[in-house]
1. When you check B:G77 against the structure, is it at pLDDT 90 or above and of a type outside the set (A, V, I, L, M), yes or no?
2. Tally the residues that are within 14 Å of chain A (Cβ to nearest Cβ) and part of a helix (DSSP H, G or I), restricting the search to the stretch B:59-88.
3. For the stretch B:160-184, name all the residues that are in contact with a helix residue (DSSP H, G or I) (Cβ under 6 Å, 6 or more places away or on another chain), surrounded by 24 or more Cβ atoms within 10 Å (Cβ to Cβ) and either within 14 Å of chain A (Cβ to nearest Cβ) or among the aliphatic types (A, V, I, L, M) (or both).
4. Is it true that B:L56 is modelled with pLDDT under 90, within 13 Å of B:E172 (Cα to Cα), within 13 Å of the chain's Cα centre (by Cα) and not in a strand (DSSP E or B)?
5. Within the stretch A:33-56, can one find any residue that is under 11 Å from B:V164 (Cβ atoms), within 11 Å of chain B (Cβ to nearest Cβ), free of Cβ contacts under 8 Å to residues at least 24 places away in the same chain and not small (G, A, S)?
6. Of everything in the stretch A:88-122, what is within 14 Å of the chain's Cα centre (by Cα) and among the aliphatic types (A, V, I, L, M)? Give them in sequence order.
7. What are the residues in the stretch B:97-148 that are touching a residue at least 40 places away in the same chain (Cβ under 8 Å), more than 10 Å from chain A (Cβ to nearest Cβ) and part of a loop (DSSP other than H, G, I, E, B), if any?
8. Just to be sure before I move on: is B:E85 touching a strand residue (DSSP E or B) at 6+ places or on another chain (Cβ under 7 Å), in contact (Cβ under 8 Å) with a residue 40 or more places away in the chain and either of a type in the set (A, V, I, L, M) or farther than 16 Å from B:I121 by Cα (or both) in the structure I sent?
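The values are calculated or read from the model by the stated rules, or taken from the named source; none is laboratory data. Just so you know, these numbers come straight off a predicted model, no measurement behind them. Note that each Cβ is placed from the backbone with ideal geometry, even for glycine, and that neighbours are counted across all protein chains shown.
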Amino acid sequence: MTDFIPVGMGEFKIARHPSCLVVYGIGSCVILSLYDEKNKIGGFSHVMLPDSTGIDQEKVNPSKFADTAVPMLYEKMAEEGAFKSKLVAKIVGGAEMFPPTEDFNSNIGKDNVEAVKKALEALKIPIIAEDTGGNRGRSLEFDLESGVLRLSVLGEETREL
Amino acid sequence: MEDITNLTRTQLDALREIGNIGSGNAASALAQFLNRKIDMAVPSAKILDFKDIADLIGGPAQSVMGIFLKVMGEISGRFLLLIPEKTSLKLLHTLIPGCELDSPLNMGEMENSCMKEVGNILAGAFLNALSVITQTPMLNSLPSMAFDLSGSLINYVVADMVAVSDKVLMIETSFIEEEEDLKIHIFLLPDPDSLQKLLKSIGVA
């Protein structure tokens, strides 16, 4: 029996095969997946915002922000037995869900994607797949046996990343 | 900035009453527009963890029509209508003569502007009532619309409101048509720095 583990906004989870990490309804958030193929261990971080600068560090939830969530998932994966040098990243999400109007124009999705990429680059983690931007919601399943991400979008066929 | 987790029972009750009056006005506008009797669920004013918002409408993976407007004025915030797929089709079939749309994914220009107008009318009626009670003019922005997963739409609307706290203050209500299950969820999220003004204007600061 596969155990489906949902990862909510601002959360991160790490799991091994035969568990499966899932996220439903990704909007402007970015899902960072890290995977160690040899140890079949993977993690999702559900990043909501680009930058925690200026927020009281005692109150901040590090897994909400790209600048803190990326290093955190990286360190926690290593604690759970993943090899840091084997970790590869895939990133998904960062959509702008509502078309901009005169009074509301947000780039939050794009900012999230850029911030996650910057944080990955600082840790020298390679990005091997990406499905970001646009204006559609996404859902994801992480197969921890193969490292494949199954991506679904409303009204479209499921794709693999 | 007011810490919303410190709101008292009385303040929440007063906010719920605001929701009651606003959505009452919106319900009669909708009833007039559709020429049908519309019932209203008892509104709630809640302090919610952002992770739990989607549960109010059946989880993050529902296909819904979202209409999003900004509330502008001295008291500002965000106004979100979430309309389940079935209801949005029913609204379109009722409002556009000869409309045979089978999925909101195939909406054209006509259907788009029709749904936006529904949002405009409901938000306008809701905020008009609020302006009167608070004696503070509140206007809505032009509506923006998307048909997608409930979780994705909510995520986008609340993300930058929950940088510091995990909690949002939300006035929520739904409409149900008398016989058939026409369902519309209304969410009003006051901006955190407008909350004090809002409370003051209704005498519970």
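1. Considered against the rule, which asks whether it is at pLDDT 90 or above and of a type outside the set (A, V, I, L, M), B:G77 comes out as yes.
2. Selection size over the stretch B:59-88: 2.
3. If the condition is that a residue be in contact with a helix residue (DSSP H, G or I) (Cβ under 6 Å, 6 or more places away or on another chain), surrounded by 24 or more Cβ atoms within 10 Å (Cβ to Cβ) and either within 14 Å of chain A (Cβ to nearest Cβ) or among the aliphatic types (A, V, I, L, M) (or both), then B:L169, B:I171 are the ones that fit.
4. Yes: the conditions hold for B:L56.
5. For the stretch A:33-56, residues under 11 Å from B:V164 (Cβ atoms), within 11 Å of chain B (Cβ to nearest Cβ), free of Cβ contacts under 8 Å to residues at least 24 places away in the same chain and not small (G, A, S): present.
6. Matches in the stretch A:88-122: A:V88, A:A89, A:I91, A:V92, A:A95, A:V113, A:A115, A:V116, A:A119, A:L120.
7. Hits for the stretch B:97-148 are B:M107, B:Q135, B:T136, B:P137.
8. Here the answer is yes, as B:E85 does meet what is asked.
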